[in-house]
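The structure appears right after this line, and notes come after that.
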Amino acid sequence: MAQILVVDDDHDICRVLSVLLQKRGHQTQGVCTGEAALTMASKWNPDLVLLDVQMPGIDGFEVLRRLLARRPGLSVVMMTGFGDVPSAVKAMKLGARDFVSKPFHNEALLDTVENLFHMGRHAAGNVKAIGESAVFRKAVDFALKFALPDINVLLLGETGTGKELFARMIHEASKRSKGPFVPIDCGTLPANLAESELFGHERGSFTGAFSSAIGRLEMAQGGTLFLDEIGNLSLPFQAKLLRVLQNRSIERVGGREPIQLDIRVLSATNVNLKEAVQAGTFRQDLYYRLNEITLNLPPLRERKEDIRGLAAYFTERYATAFKKPVSGLSPETLVMLEHCPWPGNIRELENAIKGAVVLADDMVTPDCFSEELRESVSASDTMKVAQGSDERLKMEIELDCQLDRQIDLKAFGLQAASQAERFLLETMVHRRRISSAQMAKLLGVDPKTLRSKLRRYGLESGR
């Protein structure tokens, strides 16, 4: 049993909702203005507030702000006009837990209330193992904030950043968690079978259709449909998908009876859809329909502090899978992995660890990884060294200019170039375990030229 405050300027709605909730065993109070809601909330201390958006005087958004300023953990469900998604999204960003659209079905509203009392944020544990950095936790918190309401979420991120993992997390933290999660890779859908795959077909509707079959959209009834690589859909099929999302119904191929859908749609892409819309390869109306809220997933290079945890997680996972007595990763390996550029993000890291575990004996060492990966680390470090020398030169230039004396620009340029070159070569000689041939390749110079430069700076013995 909970204490629920109902706030709506329509007296009849207040009364009806109060009666419905009382029949479910809850205690209720109903008020018709924002001012009265704030007063009642301070006196009565409700567990949940059902709050209308449009009210005279203080509107629902302002009441929401003030309620959460007093009690940050208070559960608030906003009541919005039908199809008023922008208001719902605004309310969620302000801290509301969910929203319902008017006119609402009584049972649907009661289910929403019950969900809030029985659902926690347990789904966050599924991604805890793969990231603890601030930028990653921010993405997780944002995803969970919009998990409960039926808002279409567009997940953006490079290949391998974990878009499907986040989609599953949102599904598991939503009111549809008991329903199916149905993923579809739009990039691999054959053009001639896409409609049958998604909408299903009736027996005899085309050659080879020996029996009726339901499509992926029907499979997602009561649950979540995840459209991965949505940017790869053809324009004709985009139009059909838009019609489905607008009408919430489909017709199977060869069928005439509409089938009502009760699904939530999550979608993902590594394509810039705004640019695709401008280029005419993606429908603007479909983009806005899918993108009621956007979640950007950070690439691995922006969360390098997560690499050690991820590497340990994948090492343990594949050592168990392959029954290998691998005890862990050597310190040199961890340093190497942290300096990799990882253009393929988590997926690339996972595949690299998987192969390394196969080759490892008792510990994963740098030699267990491909030469290409080891060279990418060296190239990455070379760039960092060059950037570091650039900063050092900037400081010296600023110092020379402060001395208020004449400067020979040409001589200074030659001196600066020589200094930067020496600093770069010195760093590579003493920090990298690579051959002169590999160093020459990384620097883009002839091996003879490199040897000459090393002799000039007295670095040849350092090899």
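Considering only A276, G458, T224, and ranking their Cα positions along the charge dipole of the chain that arises from unit charges at the beta-carbon of Lys, Arg, Asp and Glu, the one farthest toward the positive end is G458.
A Cβ-based charge dipole, computed about the Cα centre of the chain with Lys and Arg at +1 and Asp and Glu at -1, lands at about 640 debye.
What does the extension gain come out to for F237 and S211, with contour length at 0.36 nm per residue minus their alpha carbon separation?
Numbers: separation 26, 0.36 × 26 = 9.36 nm, distance 2.40 nm.
Extra length from F237 to S211 when fully extended: 7.0 nm.
Here each label is just a point 7 Å from Cα along the line to Cβ, and for E305 and D361 those points are 3.7 nm apart. Backbone N atoms of the stretch 302-341 closer than 13 Å to the 7 Å Cα→Cβ label point of E132 belong to residues 305-313.
Axis of helix 235-247 versus longest Cα principal axis of the chain: the two differ by about 40°, to the nearest ten degrees. Among the chymotrypsin sites (Phe, Trp or Tyr not before Pro) within the stretch 200-247, those in coil by DSSP and having at most 15 neighbouring Cβ atoms inside 10 Å are F206, F210.
For the stretch 261-332, trypsin sites (Lys or Arg not before Pro) meeting the loop criterion (DSSP other than H, G, I, E, B) and having at most 14 other Cβ atoms within 10 Å: K323.
If the segment from A191 to S327 were pulled out straight at 0.36 nm per residue, it would be longer than the present Cα-Cα gap by 44.2 nm.
Provide, as a two-decimal number, the C-alpha radius of gyration of the stretch 209-266 over 2.2 N^0.38 Å, N being how many residues it has. Write down the numbers at each step before the final one.
Working: Rg = 11.9 Å, N = 58, 2.2 N^0.38 = 10.3 Å.
Ratio of Rg to 2.2 N^0.38 Å for the stretch 209-266: 1.15.
Excluding R71 itself, what net charge comes from residues whose Cβ is under 14 Å from its Cβ, given Lys and Arg +1 and Asp and Glu -1? Please list the in-between numbers first.
On the way: positive: K43, R65, R66, R70, R97; negative: D47.
So the environment of R71 carries a net charge of +4.
Expressed as an acute angle from 0 to 90° and rounded to the nearest 10, what is the orientation of the C-alpha long axis of helix 34-44 relative to the principal long axis of the chain? In the chain, helix 34-44 runs at an angle near 90 degrees to the longest axis.
Rounded to the nearest Å, what's the spacing between the alpha carbon centres of the stretch 210-230 and the stretch 61-99? Just the number, please. If you average the Cα positions of each part, the centres end up 32 Å apart. Between K441 and Q54, how high is the FRET efficiency from 1/(1 + (r/R0)^6) when r is the Cβ-Cβ distance and R₀ = 60 Å? Nearest 0.05. Efficiency, from the Cβ-Cβ distance: 0.35.
Translational diffusion coefficient of the stretch 3-118 at 10 °C, 1.306 mPa s, Stokes-Einstein with Kirkwood Rh over Cα pairs, in µm²/s as a whole number.
Translational D for this selection: 115 µm²/s.
Computed from Cα atoms, the angle from the helix 60-70 axis to the main principal axis of the chain rounds to 70 degrees. Could you state, as a whole-number percent, how many of the C-alpha pairs of the stretch 3-42 are farther apart than 12 Å? Percentage above 12 Å: 50.
Across all Cα atoms of the chain, the radius of gyration (one decimal) and Dmax (whole number) stand at 29.8, 91 Å.
Values in this text are rule-based calculations from the coordinates and carry no lab data. What you are looking at is a predicted structure, and each value in this text was computed from that prediction instead of being measured. Counting neighbours? That spans all protein chains shown, and the Cβs are built from the backbone with ideal geometry, glycine included.
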